[in-house]
Amino acid sequence: MKDNDWLGGFMDQYGTSILHLAYSFVRNRQTAEDLAQEIFIKCYEKADSFRGESKIHTWLYRIAVNHCKDHIKSWHYRKVHVSEYFSSLLKGQQHGAETQYFAKAEQVWSMRFSGCQLNTGK
């Protein structure tokens, strides 16, 4: 079942719907494209585990949803998301108390977690 022709056909048939699904979770085109690629790699690696008890697109969507949920729960996603939130609040504002507070919070966040390495167990 696992060969390049199978993977190419699988990606052609389901690529757009998986990209849309990933985008619905992360609301960022580049991140959704990365997730879609990771999902197809995961499906390729697990193709032999498909038992045929469901339709193949059901199996693929379940893998995709779980992968997207895992991504959203990840430390990296949360850090980037919070950092972007603080940056968006700071844009266009002068030197008010809120601006100073958020600037300090972002500085503390960066110093606290900049060198943090995650132990993924691999």
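For the reader, a short list of remarks on this structure follows.
- Here the condition is being modelled with pLDDT under 95 and not in a helix (DSSP H, G or I); of G15, G52, it holds for G52 alone.
- Some residue of the stretch 56-79 being among the charged types (D, E, K, R), within 24 Å of G8 (Cα to Cα) and at pLDDT 90 or above: yes
- Of the residues making up the stretch 1-59, not one is surrounded by fewer than 15 Cβ atoms within 10 Å (Cβ to Cβ) and in contact with a Cys (Cβ under 7 Å, 6 or more places away or on another chain).
The values are calculated or read from the model by the stated rules, or taken from the named source; none is laboratory data. Since this is a predicted model, take the numbers as computed values, not measurements. When we count neighbours, we look across all protein chains shown, and the Cβ atoms used for this are built from the backbone with ideal geometry, even at glycine.
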